[in-house]
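The values are calculated or read from the model by the stated rules, or taken from the named source; none is laboratory data. Note that the coordinates shown come from a computational prediction; the quantities given were computed from them, not determined experimentally. Virtual Cβ from ideal backbone geometry, glycine too; neighbours counted across all protein chains shown.
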Amino acid sequence: MKKWINTSLALGTLGASAVLVGSALRMTRYVKKELQQADHKAPPLHSGDQAPKVVLMVPCRGLDPDFRENMAMLTAQDYPNYEIIFMTANAADKSYPVLQEMVQRSPVPARIVFGGFSKQRCQKLDNMLAAIDDISNRDAQPDIYAWADSDARVTAEWLRYLVAPLSRPEVGATTTYRWYRPEHRRPLTHVLALWTGIQITHMHVNANVAVWGGSMAVRRETFDQLKMREIWQTALADDCVLNDTVRKAGLRVEFVVPAMTSLSSDHSVKDILIFAVRQCVIGKHTLKPIWWPSIFALSLFHFSAGRGAWLLGRSLLKRQAPPWQAWGMLSFLPAGILQGLTVIQLMRQIKKARNPQDPLEARYSWAAYSPLAYLFTWFSLAASGLTNRFVWRDIVYRMHNAHRTEVCFYPPELETAQSEEDAPSGAKRS
């Protein structure tokens, strides 16, 4: 290979590595500042305070790891004016008996809504739209809609932090992100944690913030003005579509650092791989400005690293000094580890600001998995480029575009869920 190509690869990799490390360091300062100002931006509230009325909606399907503990934390929020709606397809869902127990024990108003199964969008959105319809039929309307995924572990202050920025008119939606808690002696779970974690290092730039459906909130008036109910009718990714709509309206998506959640990674290898490809397929259709540059850049980086390793090995076999280009091409590897260390430092900062009992955990030694996390990302992106089909909660979908979804296969119990409903998003309460 011509020398100028090696030089270009080396310089390009060095430059990209510097950008990655620099962005991670800036994110460290950003997180520190946000944590220091957390209680100033979202001061503690008491029962007598005038707080916006929030309806917290939690779509459920099946039993996630730590399901009962996750639901219990959602009913114990340090927020004086909220209620919870748990949503599931029907009473046959495995989560339903636990949800009934949660409703009975909840210290805040709580109920269950059945979303059914429409076959024209993801079942999660059936649940979400059923809850919206249920709320719309009331005389007294809430000020804010909030959502949480059933596999997310939140803190007692999570809701207070999440909704506070919505007091600013320029903020159209708020969100936070997730950290997967790795399982001991399961390397793939460490890769999963860093794969999702490294995405956080770019969120000090607001343009890089995207709504995550596992933890998001929006003013009811904004939701209605954006016509989100109509937009969600045939969608698959509730969060990506909301993000795109909010951004196009000229509004800001606020990333709320103190509201960071953690998730169990106690899943099979198969489920983790399915999850990774699904996320990338959804991103291919809803986050094209990110998906295409990501797969191109990672392809180039891994080619460069492979080329650098070959040059280094050849030089060592010949007992010659390796060319500087080899080290430059390999710079992506230590840069990735430094980025991983930064992610772990961010998680440790967040953990330090919380109750010691919070399960969020991060150890510096886990950064060694960072190169594998990047390789895992590349394989997931490449696999997503070959298909538009994926599995989500035992349902097989084909995603045609951001606003059109086809259901290809579903479990038999969901046929019952569909027949029980008077309309695709009809709500039944429990």
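Remarks
- Members of the stretch 79-103 that are touching a strand residue (DSSP E or B) at 6+ places or on another chain (Cβ under 9 Å), closer than 28 Å to A51 by Cα and in a helix (DSSP H, G or I): L99, Q100, M102, V103
- Within the stretch 177-236, being hydroxyl-bearing (S, T, Y) and assigned to a helix (DSSP H, G or I) holds for T189, T196, T201, T222, T234.
- Selection status of A76, surrounded by fewer than 16 Cβ atoms within 10 Å (Cβ to Cβ), of a type in the set (G, A, S) and either in contact with a strand residue (DSSP E or B) (Cβ under 7 Å, 6 or more places away or on another chain) or in the same structural domain as A259 (by TED's automatic domain parsing) (or both): yes
- In a residue-by-residue description of the stretch 261-269, the property of being of a type in the set (A, V, I, L, M), assigned by TED's automatic domain parsing to the domain that holds Y82 and under 29 Å from E170 (Cβ atoms) applies to no position.
- Top-ranked residue of the stretch 103-120 - restricted to ones that are at pLDDT 90 or above and basic (K, R), ranked as surrounded by the fewest Cβ atoms within 10 Å (Cβ to Cβ): R105
- Meets criteria (over 25 Å from the mean Cα position of the chain (by Cα) and either modelled with pLDDT of 95 or more or among the hydroxyl-bearing types (S, T, Y) (or both)) for G340: no
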